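Since every read-out is calculated from the coordinates, none of them should be taken as a lab result. Note that the structure is predicted; figures quoted are calculated from it, not measured. Positions of Cβ are backbone-derived with ideal geometry, glycine not excepted, and every protein chain shown enters the neighbour counts.
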Amino acid sequence: MIEVNRHTLSNGLRIIHSKDLSTQMVAVNVLYNVGAKDEDPEHTGFAHLFEHLMFGGSVNIPDYDAPVQLAGGENNAWTNNDITNYYLTLPKQNVETGFWLESDRMLSLDFNPKSLDVQRQVVIEEFKQRYLNQPYGDVSHLVRPLAFKVHSYQWPTIGKEISHIANATLDDVKDFFFHFYAPNNAILCVTGNISFEETIRLAEKWFGPIPAREVRVRNLPQEPEQTEERRLEVERDVPLDSLFMAFHMTERMHPDYYAFDILSDVLSNGSSSRLNQHLVKDRKIFSTIDAYISGSVEPGLFQISGKPVSGVSLEQAEAAVWEELEELKNTLVEEKELEKVKNKYESEQIFNNINYLNVATNLAFFELISKAEDLNNEVNNYRKVSATQLKEIANKTFVRKNCSTLHYKAKKES
């Protein structure tokens with residue numbers, strides 16, 4: 001059981017704390033409730049651009065990394081379609097450095113043309129390397145808009161296209177910052193060897209003076225139910241054909257979310273899982289295959305992707321996947337198989353939450369989607385999933401009209 005303490009500053013900043021005396025370190029995690037889904041469809045990639053800009057100097061501190069390293073700490077950040085998360089770890093005696101650094105960049109960045117230009121070029125290079133010049137790098141740019149027609153999950157975190165980043169102005173950037181990077185749109189989670197009282201004292205001292213801001217009201221278009229199968233075929237300069245299938249599923253807080261997660265594990269978690277056992281080992285249809293869920297805050301995707309072995313067509317490979325899905329729809333998962341998946345999840349959950357930094361990240365996320373204490377109920381939520389529930393959800397989800405399929409073909413040599 002993870003003990004949780006909480007406090008809210010007058011400017012709206014939510015503080016979550018959990019003490020862990022087994023370490024001499026402290027994690028300071030700041031989660032901002034902004035992700036790629038909050039971007040203008042004509043100005044995408046901004047949430048990710050900010051992940052870079054936040055390390056390019058804040059209003060009073062020109063270099064973020066140097067003080068962290070001098071204090072014996074480490075830091076990093078990540079962005080997805082729902083959130084932007086910054087974290088650093090420091091020895092407990094130097095923890096105030098973390099509060100000082102994070103509060104200054106929440107107060108304001110050092111908005112200047114040079115910093116914007118540098119970070120813009122970094123992001124553009126990343127776009128080219130990871131999405132344009134890497135085999136299969138553009139898959140998310142193809143699958144997302146195939147599956148989502150109105151919701152802003154239709155583009156990946158890097159953005160729709162390079163021009164959106166290349167054309168970002170200082171005014172665009174400032175506008176995005178002051179509407180989303182605000183104490184009243186953030187959660188500060190502090191874990192490790194620090195008392196709750198000290199956490200509040202430092203939070204009041206460093207974050208307290210930052211004024212609340214007018215956070216842009218989120219009003220995202222709801223994705224309508226998909227009513228017909230969608231298909232796309234592309235040809236690229238890649239070594240092997242690949243199959244990608246995406247089915248719409250529930251949001252993160254829906255009770256069925258846990259059943260979807262278990263279904264993905266039944267299909268592909270471990271060498272004895274169904275897709276690996278039946279389609280890789282037994283029938284030798286795929287060389288690799290995987291099933292996974294997006295885990296997104298709003299209704300997301302259940303995805304299956306795999307590379308057929310040489311001589312097997314994408315049509316044959318897809319038919320084999322549908323056979324496995326029909327089996328889930330027609331036959332209850334045996335208790336032994338279900339228990340194995342649940343046990344694996346429970347051990348992963350326990351292991352994951354031993355680390356004070358993971359606890360900080362997880363508590364912050366749960367505070368965003370419900371309340372931090374709910375992290376303690378996760379194992380029970382998985383334990384409650386029944387074989388009957390899995391069968392019902394498989395029957396609702398794994399149907400042609402709910403599927404978006406991408407056939408990603410390797411160019412034939414002429």
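For GluC sites (Glu not before Pro), the sites in region 166-234 that DSSP calls loop and that have at most 10 other Cβ atoms within 10 Å are E214, E225, E228.
Could you check which residue among G270, G306, G45 shows the biggest mean-square fluctuation in a GNM of the chain with a 10 Å Cα cutoff? So, out of G270, G306, G45, the one fluctuating most is G270. Applying 1/(1 + (r/R0)^6) with r as the Cβ-Cβ distance of Y292 and N133 and R0 = 30 angstrom yields a FRET efficiency of 0.80. Taking every C-alpha pair closer than 8 Å and separated by at least 6 residues, the mean separation divided by the residue count of region 270-358 gives a relative contact order of 19 percent. For a label point 7 Å from the Cα of Q93 along Cα→C-beta, name the residues of region 190-218 whose backbone N is under 16 Å from it. From region 190-218, the list is 193-194. Computed from the Kirkwood radius of its Cα pairs, the Stokes-Einstein diffusion coefficient for region 207-341 at 20 °C and 1.002 mPa s stands at 124 µm²/s.
From the largest down, the chain spans 62, 50, 37 angstrom on the principal axes of its Cα atoms.
Qualifying trypsin sites (Lys or Arg not before Pro) in region 186-255, where qualification requires a DSSP coil assignment and no more than 13 other C-beta atoms within 10 Å, comprise R218. Could you pull out every one of the aspartates and glutamates with an alpha carbon less than 14 Å from that of K307, ignoring same-chain neighbours closer than 8 positions? Straight-distance partners of K307: D241, D290, E315, E318.
When the chain is treated as a Gaussian network with alpha carbon springs shorter than 10 Å, the biggest mean-square fluctuation among R105, R283, R274 belongs to R283.
Using R0 = 60 Å, the C-beta based FRET efficiency linking S386 and N5 works out to 0.95.
Which percent of Cα-Cα pairs in region 79-192 sits in each 5 Å bin, short to long? The percentages, shortest bin first, are 2, 9, 15, 17, 18, 16, 12, 8, 3, 1, 0. Its DSSP H runs of at least 4 residues, each contributing -39,500 (n - 2.57), put the calculated 222 nm mean residue ellipticity of the chain at -11500 deg cm²/dmol, to the nearest 500. Taking 7 Å steps out from each Cα toward its Cβ at N112 and L21 produces label points 4.7 nm apart.
Excluding same-chain neighbours fewer than eight residues apart, the aspartates and glutamates reachable from K342 by a Cα-Cα span under 13 Å are D261, D265, E334, E378. Over the chain, Cα pairs under 8 Å with separation of 6+ residues give a relative contact order of 22 percent. Distances between placed amide hydrogens fall under 5 Å for I83 paired with A36, all partners being 5 or more residues away or on another chain. When a/c reaches 1.5 or more, the comparison of a/b and b/c decides; with that in mind, is region 5-206 rounded, prolate or oblate per its Cα gyration tensor? Prolate shape, in that a/c is at least 1.5 and a/b is the bigger ratio.
Extension gain for V59 to S271 (0.36 nm times residue separation, less C-alpha to C-alpha distance): 71.2 nm. Across the cross-link table entries K336/K396; K281/K401; K340/K391; K128/K281; K160/K329, which are compared at the Cα atoms, the separations over 26 Å belong to K281/K401; K128/K281; K160/K329. Taking 0.36 nm per residue of separation and subtracting the current Cα-Cα distance, fully stretching the chain between V122 and K336 would add 72.1 nm. Here the contact order of region 124-231, divided by its residue count and restricted to Cα pairs under 8 Å and six or more residues apart, works out to 33 percent.
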